[in-house]
1. How would you rank V69, V19, V371, going from fewest to most other Cβ atoms within 10 Å of each one's own Cβ?
2. What are the ³J(HN,Hα) couplings of segment 220-226, residue after residue, when phi is run through the Karplus curve with 6.51, -1.76, 1.60 and θ = phi - 60°? Round to Hz, x for glycine and proline.
3. I'd like the Karplus ³J(HN,Hα) series for segment 147-160: coefficients 6.51, -1.76, 1.60, θ = phi - 60°, whole numbers in Hz, and an x wherever there's a Gly or Pro.
4. Based on the mean of other Cβ atoms within 10 Å per residue, sort peptides 288-296, 340-348 so the most packed one is first.
5. Of the beta bridges DSSP finds with both residues in the chain, what % are antiparallel, to the nearest 5?
6. Under the classification rounded if a/c is under 1.5, otherwise prolate if a/b is larger than b/c and oblate if not, where does the chain fall, given a ≥ b ≥ c as square roots of the Cα gyration tensor eigenvalues?
7. For R357, what residues show an amide H to amide H distance below 5 Å, using hydrogens built from the backbone and excluding near sequence neighbours?
8. Assign one of three labels to segment 28-67, namely rounded, prolate or oblate, based on the Cα gyration tensor with a ≥ b ≥ c the square roots of its eigenvalues; rounded applies when a/c is under 1.5, prolate when it is not and a/b is larger than b/c, and oblate otherwise.
Amino acid sequence: MATVTESAHAALYARHQAVLPDWLATYYARPIELTHGEGRHVWDAEGNRYLDFFGGILTTMTAHALPQVTAAVAEQAGRILHTSTLYLSRQAVELAERIAQLSGIPDARVFFTSSGTEANDTALLLATTHRRSNQVLALRNSYHGRSFTSIGITGNSAWSPTSLSPLQTLYVHGGVRTRGPYAHLTDAEFTAACVADLEDLLGQANGTVAALIAEPVQGVGGFTSGPDGLLAAFKRVLDRHGILWITDEVQTGWGRTGDHFWGWQAHGEAGPPDILTFAKGIGNGMSMGGVVARAEVMNCLDANSISTFGGSPITTAGALANLAYLLDHDLQGNARRVGGLLKSRLDAVAARSGIVREVRGRGLMLGVELVEPGTDTPSPAAASLVLEAAREHSLLIGKGGRAGNALRIAPPLTLTVAEAEEGADALRAALEDAQAELEKSGTRKGETR
């Protein structure tokens with residue numbers, strides 16, 4: 001990697017701090033500006049090249065500067081950029097037809113939004129209107145967006161700046177398999193305990209409950225999940241009460257988990273969800289999200305509603321090209337194959353590390369939980385050190401988890417075997433650097449005492 005002078009980055013960061021909110025988080029002690037990308041690589045303003053294992057928060061789904069997508073966007077930009085939903089859009093109809101068919105939801109209707117947060121807001125509006133109730137079930141450790149409504153159902157306190165909410169949210173177990181009161185149970189026992197918890201919670205609910213919203217794999221929560229089949233077991237309970245199931249596929253959709261096109265399909269024996277939300281990867285970097293729901297649910301609104309930016313000509317043109325590339329090149333299969341290789345490499349690295357508690361996830365959605373050396377205590381300091389060290393080894397990764405101690409690894413789905421090996425080597429080196437720093441710090445503290 002080229003020598004980093006930091007001058008361009010430091011100057012821009014000073015301007016950033018002067019005009020943008022203090023709570024607008026950036027990565028790294030010395031934040032960087034990414035100026036361009038190609039394939040699975042990006043470059044910063046100092047000319048440094050990185051292997052991208054985070055894809056702009058799981059958003060660059062196929063590749064940076066994918067020719068098919070950039071050509072579709074450029075061609076559409078030369079015709080018309082914007083019309084709104086007050087006018088018919090051929091691209092929006094074609095994309096909705098494809099997504100409705102892929103969703104697995106019968107008699108599906110699709111509404112496009114400009115983000116995953118807005119998609120989840122819309123799903124909650126539909127569910128609460130359809131059920132005439134503002135009571136919502138959510139999983140502990142969950143994250144569904146940064147709007148006032150979606151924060152109200154977020155079960156991760158690190159991302160919830162207010163306790164005020166238009167919803168009454170009831171939180172159930174099941175989002176984290178290897179920590180908490182049920183961690184010692186077998187998968188079958190874990191599922192049974194979570195179902196019993198759900199039944200008990202419903203017995204205490206005051207009247208009608210509108211919906212359960214759940215990420216099949218919790219994204220910001222650190223790529224955690226319950227056992228396969230858990231949400232299906234929940235759905236059998238929900239169906240008895242008429243409660244809707246919303247699956248938040250903002251991060252798990254489009255084949256990223258490898259084994260399934262949607263995360264809900266790991267729980268599919270109880271049938272498809274009532275509502276599905278999506279975003280991020282479908283736009284490959286453009287602002288695109290949406291909701292899929294049964295017609296009965298989608299059509300329950302009786303007030304006027306439009307979307308100024310949802311399903312715009314340029315975002316739907318790009319998304320159509322992106323989805324076609326993903327399907328034509330079996331990127332779900334690539335996520336399964338290359339993701340499996342990457343996970344096995346990370347498992348081997350973890351076995352030799354004193355700060356890795358667990359490698360989890362599936363496909364190209366992998367989490368690495370970090371702890372204090374030789375303990376089971378979550379270590380956000382370790383995650384911060386590895387994040388910085390990975391950058392020094394020309395690798396960009398993400399961070400998450402309730403304690404901020406999990407690494408999030410989610411490269412574009414076109415990742416090659418050679419790039420997976422390269423990334424694993426860089427992460428191994430970063431973990432070794434971080435562990436050495438933590439152990440040195442611990443020694444210094446011991447000497448002080």
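Just so you know, all these numbers are worked out from the coordinates, no wet-lab data involved. The structure displayed is predicted, hence computed values, not measured ones. Heads up, the Cβs are rebuilt from the backbone with ideal geometry, glycines too, and the neighbour counts pull from every protein chain shown.
1. V19, V371, V69
2. In residue order, the calculated couplings are 4, x, x, 6, 9, 6, x Hz.
3. 7, 4, 5, 6, 5, x, 10, 7, x, 10, 4, 5, 10, 10
4. Those peptides, ordered most packed to least, come out 288-296, 340-348.
5. Percentage antiparallel, nearest 5: 65.
6. In terms of gyration-tensor shape, oblate.
7. Amide H to amide H, under 5 Å and 5 or more residues apart or across chains, R357 pairs with E369, L370, V371.
8. Oblate, since a/c reaches 1.5 and b/c is not below a/b.
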